[in-house]
Amino acid sequence: MLKIEGLSVSYGTRRVLHDVSLEVCSGEVMALIGPNGAGKSTLVRAVSGVIPLLGGKIRTNGDDLAALPPMQRARYLAVVPQAVSLPPAFTVWETVLMGRTPYLNFLGQASASDEERVQHALERVAALDLAERRVGELSGGEQQRVLLARALAQSTPILLLDEPTSNLDLHYQVSLMEIVRGLAQRDHLAVLIALHDLNLAARYADRVALLVGGEIKAVGTPRQVLTPELISAAYHLPVSVISHPFADAPLVLPGSNV
Amino acid sequence: MTNRFLPYLWTLLFLALAILLSIAIGAVSIPPKDLWQVLASQLTGILPDSLQTSAFILWKIRLPRTALILLTGAALGGSGAAYQGIFRNPLADPYLIGVASGAGLGAVLAMSVRWPYTFWGLMAVPLAAFIGAMLTVFVVYMLARVGKTVPTTNLILAGVAFGSFAAALTSFLMLRSTGELRRAIAWLLGGSSQAGWGPTLTILPYLAIGLGILILGGHALNLLQFGDDQAQQLGLPVTRTKTILLLAASLATAAAVSFSGIIGFIGLIVPHIMRLWFGADYRRLLPLSIIGGAGMLLVADVLARVVLAPQELPVGIVTALVGAPFFLWVLRRVKNQGYW
């Protein structure tokens, strides 16, 4: 379980996140949506501990994650970043093995059980056949799966994803989201995923949080949050919401400004 | 499993060959048979009169020089690989980012304040070079930084500019120097020829610490290739790790520069070749660059002795002749394929 309490972050004098509180339960996919510049990536980075907090707490089972050293925090929480400018010369296996860092000795030697975890993680994202390939040779979709496998190898109860689908084509978007939902349902991870695509959020998230201007405007099921009123106001665009033709989810259709 | 040790086998073989060449070849060449007899005489105590001269050359001149060049090459190869990893910059090299020149200035300043007659005085020279190196890293990094990133070519431009500045100050100090200092600075700029065992023993502890830390830092350098954010999310205390690695690399560079002079490009070429042949894993790349750097500089030094014999070229000239075109090749690769 991930509990964010009153989180505030500023870049210089500019306040980027105001008093954000959010709770992601184990076994749940929480989608974080909002227009560009709303602070989605900042929230993911702040929770993962790479930028200093102005205020607030990040808890899991009572532990304050923000107060832990990076090595220990990395046992609670793994991050899937966007697959841009990865070091191309490492093999897929080497890359995923780096997810085991929080459990390795200071020489970075992997044990047999570490290797087992890596193999399992690669199987989970259907990328085991890529193991010996160099990351630089892979397509964007394959690279994104490798990063997901690396996060899985970290064996954490909490998983954060920062817009993992934005560079993927339709097929990879859907298969990535299916894997992510499986991780929550079968492995009981608490998943917080920043998403650009409202309809992916509608279809795959258990709950949705709408972030606008650094503040949480609404949290609830997709049907509760993806309403014409809330979305129009957040994105400054008239929208209509209909029922998805073959899934139990709302479908957001953008209108036009003119 | 054989695959894991093969790279070490090849580089060690190369190093062994380079050591043999370095001992055997010079103004007076020592044939392998004589070499063997001289070495064996250490055990047997029997040394024919005809080999007295060879023995003298070997113990007093050839071996100390070989040892010093070997250590210098090891330091440059290792710290080059480390700088490339820390800055995520394939063009980084102790010379090109100005650290070598900064260290040289530190060493010369220390020598001109007081010429090191004693052992502890000698030990202080690498420390002064180390301070010079660290100041240079700091200044160059600050100058090259744009926001949170350090563009590849910015680092090199700032490094070359600051390096030239430090080198100019060094030349100035040399011009107004006299006696012992002038000779010392001459080998600082050119590479050593008649150093004896003192310098070798002096830099050994500094190198052991610096290179030892770098070898242990292989996994951390691997993580840093993903950028600061991801490295920290994977569990690495990034700022502390980078600081320690920079200190270690600069210590190794400073020790190398203190008594062998400013030698460029070894730290650029060797890690690249090792990466091309044996992959990007820094846990392997660092030790291989250290061994390879030692071998490569020994070969360059042999060339420096042979090309214009009996005159000697400074070894830095040989490495620059090979290294500068190599630098341009890497620069083109970086432009064409993005960062490697």
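The values are calculated or read from the model by the stated rules, or taken from the named source; none is laboratory data. Everything numeric here is computed off the predicted structure, so don't read it as measured data. Here the Cβ positions follow ideal geometry from the backbone for every residue, glycine too, while neighbour counts run over all protein chains shown.
Tabulated values for the structure
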| quantity | calculated |
| --- | --- |
| Residue pairs meeting the criteria (Cβ under 7 Å; at least 6 apart or on separate chains; first within 21 Å of residue B:219 (Cβ to Cβ), in the stretch B:269-286; second basic (Lys, Arg)) | B:278/B:284; B:285/B:275 |
| Residue B:138 being at pLDDT 80 or above and surrounded by fewer than 17 Cβ atoms within 10 Å (Cβ to Cβ) | yes |
| Leading residue by the ranking (surrounded by the most Cβ atoms within 10 Å (Cβ to Cβ)) among those in the stretch B:226-242 that are within 7 Å of chain A (Cβ to nearest Cβ) and not acidic (Asp, Glu) | B:233 |
| Among the residues listed as A:24, A:79, the single one being facing chain B (nearest Cβ under 9 Å), among the β-branched types (Val, Ile, Thr) and closer than 21 Å to residue A:187 by Cα | A:79 |
| Some residue of the stretch A:45-67 being hydroxyl-bearing (Ser, Thr, Tyr) and over 30 Å from residue B:218 (Cβ atoms) | yes |
| From B:149, B:178, residue being without any contact (Cβ under 8 Å) to a residue 24 or more places away in the chain and either under 18 Å from residue B:85 (Cβ atoms) or in contact with a Cys (Cβ under 6 Å, 6 or more places away or on another chain) (or both) | B:149 |
| Selection status of residue B:20, surrounded by fewer than 12 Cβ atoms within 10 Å (Cβ to Cβ), more than 19 Å from the chain's Cα centre (by Cα) and at pLDDT 80 or above | no |
| Matching residues, the stretch A:25-59, being in contact (Cβ under 8 Å) with a residue 60 or more places away in the chain and in a strand (DSSP E or B) | A:29, A:30, A:31, A:32, A:33 |
| Hits in the stretch B:153-200 - residues which are within 14 Å of residue B:105 (Cα to Cα), at pLDDT 70 or above and not small (Gly, Ala, Ser) | B:162, B:165, B:169, B:170, B:172, B:173, B:174, B:175 |
| Qualifying residues in the stretch A:7-50 (those that are over 15 Å from the mean Cα position of the chain (by Cα) and among the basic types (Lys, Arg)) - the one surrounded by the most Cβ atoms within 10 Å (Cβ to Cβ) | A:15 |
| Breaking point among (1) among the aliphatic types (A, V, I, L, M); (2) closer than 30 Å to residue A:117 by Cβ; (3) touching a residue at least 60 places away in the same chain (Cβ under 8 Å), for residue A:68 | (3) |
| Check on residue B:98, at pLDDT 90 or above and under 16 Å from the mean Cα position of the chain (by Cα) | yes |
| Flag if residue B:310 is away from chain A (no Cβ under 14 Å) and more than 12 Å from the chain's Cα centre (by Cα) | yes |
| Odd one out for residue B:272 among (1) surrounded by fewer than 20 Cβ atoms within 10 Å (Cβ to Cβ); (2) modelled with pLDDT of 90 or more; (3) within 14 Å of another protein chain (Cβ to nearest Cβ) | (1) |
| Members of the stretch B:137-176 found to be in a loop (DSSP other than H, G, I, E, B) and either in contact with a Ser or Thr (Cβ under 8 Å, 6 or more places away or on another chain) or of a type in the set (Gly, Ala, Ser) (or both), listed by number | B:147 |
| For residue A:191: the one exception among (1) part of a helix (DSSP H, G or I); (2) β-branched (Val, Ile, Thr); (3) within 17 Å of residue A:44 (Cα to Cα) | (1) |
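Here's the yes/no breakdown for (1) surrounded by 15 or more Cβ atoms within 10 Å (Cβ to Cβ); (2) in contact (Cβ under 8 Å) with a residue 12 or more places away in the chain; (3) within 11 Å of chain B (Cβ to nearest Cβ):
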site: A:87; (1), (2), (3): yes, yes, yes
site: A:97; (1), (2), (3): yes, yes, yes
site: A:100; (1), (2), (3): yes, yes, yes
site: A:103; (1), (2), (3): yes, yes, yes
site: A:112; (1), (2), (3): no, no, no
site: A:118; (1), (2), (3): yes, yes, no
site: A:129; (1), (2), (3): no, no, no
site: A:135; (1), (2), (3): yes, yes, yes
